[in-house]
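Notes follow the structure.
Read-outs: derived from the displayed coordinates by stated rules, not from any lab. Model, not experiment: these values are computed from the prediction. Positions of Cβ are backbone-derived with ideal geometry, glycine not excepted, and every protein chain shown enters the neighbour counts.
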Amino acid sequence: MKLSLFSVNDHYPAHGRSVPQLYAEVLAQAELGEALGYEVFFSAEHHFHPYGVVPDPAVLLAALAARTTRLRLGTAIAVLTFHNPLTVAESYVMLDVISGGRLVLGVGSGYLKHELAGYNVDPDDKRARFDENFMLLRRLLAGERITHKGRFNDIAGVQINVVRCRTRCRSMSRCCARRPPTRSAARARR
């Protein structure tokens with residue numbers, strides 16, 4: 001049996017723990033998880049609320065990459081709806097390279113109203129925005145030069161210049177509501 005760790009990275013100011021203390025605890029927990037033989041450490045991405053104080057999991061996971069050697073590093077999830085797919089591709093490929101191919105990239109569309117409002121994303125557009133960004137992310141991670149004029153992105157002949165590790169980068173999952181997993185998985189293989 002393989003076991004993994006997951007942290008929402010929630011912070012409750014009334015409990016007397018600072019954000020820097022939380023980060024230190026999360027890093028220490030992941031290091032302990034590696035020592036105990038855990039397979040993957042997953043971090044959530046959340047914004048604008050104490051529910052989660054890791055707005056960029058790539059930064060936290062890069063810190064863990066420097067402190068660990070075997071533990072795989074995962075996002076559960078990176079909210080693709082809120083970010084430019086070029087930036088997401090570059091940041092996570094860089095993390096994969098720094099970690100020696102230990103990245104497990106999970107992406108999703110987000111669901112919290114205050115986060116959608118904070119990023120000025122209309123809830124009715126989140127599915128279409130995610131689908132367009134996901135399609136572009138997959139193409140960028142495959143090394144394609146992208147020219148795309150869509151509803152949410154306008155990209156003219158761009159190819160990322162950081163090459164991902166080929167040994168373990170086959171792990172990318174898609175987490176979205178309102179679509180059965182089998183349909184999402186089948187569509188992701190296209």
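Filtering region 27-59 to residues that are touching a helix residue (DSSP H, G or I) at 6+ places or on another chain (Cβ under 8 Å), over 25 Å from Thr87 (Cα atoms) and of a type in the set (A, V, I, L, M, F, W, C) leaves only Ala30.
Considering only residues in region 106-115 that are in contact (Cβ under 8 Å) with a residue 12 or more places away in the chain and of a type outside the set (Ser, Thr, Tyr), the one that is surrounded by the fewest Cβ atoms within 10 Å (Cβ to Cβ) turns out to be His114. Within region 116-149, the set of residues being touching an Asp or Glu at 6+ places or on another chain (Cβ under 9 Å) and not basic (Lys, Arg) comprises Leu116, Val121, Leu140, His148.
Have a look at Arg72, Arg129 and point out the one that is farther than 27 Å from Val26 by Cβ, surrounded by 14 or more Cβ atoms within 10 Å (Cβ to Cβ) and among the charged types (D, E, K, R). Criteria check complete, one pass: Arg129.
Entry remark, region 79-91: residues being without any contact (Cβ under 8 Å) to a residue 40 or more places away in the chain and in contact with a Ser or Thr (Cβ under 9 Å, 6 or more places away or on another chain) number 1 in total. Residues of region 1-33 that are in contact with a Leu (Cβ under 6 Å, 6 or more places away or on another chain) and either closer than 18 Å to His49 by Cα or touching a residue at least 40 places away in the same chain (Cβ under 8 Å) (or both): His11, Ala30.
Here His83 passes the criteria (1) of a type outside the set (Lys, Arg); (2) over 30 Å from Arg127 (Cβ atoms); (3) surrounded by fewer than 21 Cβ atoms within 10 Å (Cβ to Cβ) except the one numbered (2).
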